[in-house]
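Presented below is the structure to which this report refers.
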Amino acid sequence: MNYEEALNYIHGTYKFGKKIGLTNIRDLLQRMGNPEKQLKIIHIAGTNGKGSVSSFIHGGLSAAGYRVGLFTSPYLETFRERMQINGIKISEDHLIQSTSRVKEKIEEMVQEGKHQPSEFEVVTAIALDYFHNRSVDFLVLEVGMGGRFDATNAVDHPLLSIITNIGYDHTEYLGDTLDKIAYEKAGIIKEEIPVIVYPQEEEAMTAIEEVARKKNARLIPVDFSSLVLEGSSLKEQTFSVTLGETSYSSITIRLLGSYQIYNCITALTALEHLKSQGQVTYTVEAIKNGFYKTRWPGRFEILSENPLTIIDGAHNPQAGKALGETVKKHLPKASITFIIGMLLDKDIQSFLQEIAPLGTRFVLTKPFGPRAAEPEYLKEKLLPYEKPIIIEPSVPKAIDRAFALTPGEEVIILVGSLYMIGEARTYIMQNSKIPKQ
């Protein structure tokens, strides 16, 4: 197969794949020789922040001299973003090779009357095959959705589990209360494997603590009490923190928003634990350098000036609140044009309540995919705010319209579905008429 055929095969499994707990993925991995059992894995679940925490750990360990794999989802612009080693995306050839190996084993399963694995199970198997064959020292493995029945949870003996900030998302699958959602996320906790936990709402933390107790897993809370913010701007933010016996002074990161500082400290807590157990060695300067180089596209990312143009993949109420706080801090008097595209299965009304009061005008568009919310539906939710609303179903046309409406001294912020954010990022970066950052 060639690269396009590999992608078509992967995405084609969406139609025929069936998800039945972890039976399919475990069967598939066993047929492949259980590549996950030969990898040192850091497993990360959560509602918000898990991608950023994953990226900080990946960046820190890479700067410390290790060969580090990173598996994340979804992607913004190219499927190859989902599998990286030391910041380098999987090559087309390597994706073809791993996909071919997985496809062969799936055909065996189907011939034996087994169920076709789901698309995410297929992608997970491809990733584990790739990282095993490329001999990474560590693999930072991000959960796709939930945790307990997520395909990545076929990993039964990680070095460490991490649970980031938990909020309301995917409630139709994970439950409609924080304790139910937290229980699903806590499904990645393994017997006697330590778990790093971001501070949670009480009901979420209680659910996590109960699972950790049953699994005899040491729970390590992330502690922000020593945090000292030294400076923050629209370009970078600097802070100091002490964890255990180690002082980290003047850590500078280029991911924006105060929540990224908390995500960074969560990653640092994980690295400190691994260091205390003799599983990694590094210098403070190496980690600081790795954190400074860490990028996570599509998260309060500035793409253009004049007007200042920001993309942010916030799409649930907690992320909307965090975005709103960042805007109030750094752009308190700005006139803002919001470009919004959402998926219908999100809590759209609660999300819009966080950002709508900050907008001067709204351009509503439609992300790619069958779950996309119609712009007219978003308009109904925004009418009570009595602000100008424009509908442009095409994402490129929505961007063009926003630039035409927004003077150079004002601000454009694109928010919502990562499908929309990815398409918008590509369009803006390739449009020669838009001045780049």
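The values are calculated or read from the model by the stated rules, or taken from the named source; none is laboratory data. Please read these numbers as outputs of a predicted model, since none were measured by experiment. All Cβ positions, even for glycine, are placed from backbone atoms using ideal geometry, and neighbour counts span all protein chains on display.
Would it be correct to say that Ser73 is among the polar types (S, T, N, Q) and either modelled with pLDDT of 95 or more or more than 18 Å from the chain's Cα centre (by Cα) (or both)? Show your work before the answer.
Values: among the polar types (S, T, N, Q): yes; either modelled with pLDDT of 95 or more or more than 18 Å from the chain's Cα centre (by Cα) (or both): no.
Here the answer is no, as Ser73 does not meet what is asked.
Scanning the stretch 277-300 for residues that are of a type in the set (Gly, Ala, Ser) and modelled with pLDDT of 95 or more, which turns out surrounded by the most Cβ atoms within 10 Å (Cβ to Cβ)? Within the stretch 277-300, the match that is surrounded by the most Cβ atoms within 10 Å (Cβ to Cβ) is Gly290.
Quick grid of which residues meet (1) among the acidic types (Asp, Glu); (2) surrounded by 19 or more Cβ atoms within 10 Å (Cβ to Cβ); (3) under 28 Å from Ile261 (Cβ atoms):
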| position | (1), (2), (3) |
| --- | --- |
| Phe131 | no, yes, no |
| Gly147 | no, yes, yes |
| His157 | no, no, no |
| Glu184 | yes, yes, yes |
| Ile193 | no, yes, yes |
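Can you tell which of Leu255, Leu234, Leu174 is over 19 Å from Leu160 (Cβ atoms), assigned by TED's automatic domain parsing to the domain that holds His157 and either surrounded by 14 or more Cβ atoms within 10 Å (Cβ to Cβ) or without any contact (Cβ under 8 Å) to a residue 24 or more places away in the chain (or both)?
On the way: Leu255 fails: assigned by TED's automatic domain parsing to the domain that holds His157; Leu234 fails: assigned by TED's automatic domain parsing to the domain that holds His157.
Being over 19 Å from Leu160 (Cβ atoms), assigned by TED's automatic domain parsing to the domain that holds His157 and either surrounded by 14 or more Cβ atoms within 10 Å (Cβ to Cβ) or without any contact (Cβ under 8 Å) to a residue 24 or more places away in the chain (or both) holds for just one of Leu255, Leu234, Leu174, which is Leu174.
For the stretch 78-127, a tally of residues being under 25 Å from the mean Cα position of the chain (by Cα), surrounded by fewer than 16 Cβ atoms within 10 Å (Cβ to Cβ) and within 11 Å of Leu28 (Cβ to Cβ) returns 0. Among the conditions (1) of a type in the set (Gly, Ala, Ser); (2) closer than 27 Å to Glu81 by Cβ; (3) touching a residue at least 40 places away in the same chain (Cβ under 8 Å), the only one that Ser394 does not satisfy is (3).
For the stretch 354-363, state whether one or more residues are surrounded by fewer than 23 Cβ atoms within 10 Å (Cβ to Cβ), touching an Asp or Glu at 6+ places or on another chain (Cβ under 9 Å) and not in a helix (DSSP H, G or I). Yes, some residue in the stretch 354-363 is surrounded by fewer than 23 Cβ atoms within 10 Å (Cβ to Cβ), touching an Asp or Glu at 6+ places or on another chain (Cβ under 9 Å) and not in a helix (DSSP H, G or I).
Residues of the stretch 406-437 being aliphatic (A, V, I, L, M), over 23 Å from the mean Cα position of the chain (by Cα) and at pLDDT below 95, which ones? Residue satisfying the conditions is Ile434 alone. In the stretch 333-352, the residues that are assigned to a loop (DSSP other than H, G, I, E, B) form Cβ pairs under 7 Å with partners that are modelled with pLDDT of 95 or more and among the charged types (D, E, K, R), at six or more places apart or across chains, as follows: Ala334/Glu410; Ser335/Glu410. With respect to Ile189, is the statement that it is farther than 29 Å from Thr326 by Cβ, crowded, with 22+ Cβ neighbours inside 10 Å, among the hydrophobic types (A, V, I, L, M, F, W, C) and not assigned by TED's automatic domain parsing to the domain that holds Glu325 true? Criteria met by Ile189. When the stretch 155-186 is examined, which residues are found to be of a type in the set (Asp, Glu) and outside any loop (DSSP other than H, G, I, E, B)? Glu172, Asp179, Glu184 - these are the residues of the stretch 155-186 that are of a type in the set (Asp, Glu) and outside any loop (DSSP other than H, G, I, E, B). Could we say that Ser335 is at pLDDT 95 or above, in contact with a strand residue (DSSP E or B) (Cβ under 9 Å, 6 or more places away or on another chain) and polar (S, T, N, Q) here? Criteria met by Ser335.
Could you list all residues from the stretch 304-332 that are in contact (Cβ under 8 Å) with a residue 24 or more places away in the chain and assigned to a loop (DSSP other than H, G, I, E, B)?
Residues of the stretch 304-332 in contact (Cβ under 8 Å) with a residue 24 or more places away in the chain: 304-331.
Of everything in the stretch 304-332, those that are in contact (Cβ under 8 Å) with a residue 24 or more places away in the chain and assigned to a loop (DSSP other than H, G, I, E, B) turn out to be Glu305, Asn306, Pro307, Gly313, Ala314, His315, Asn316, Leu331.
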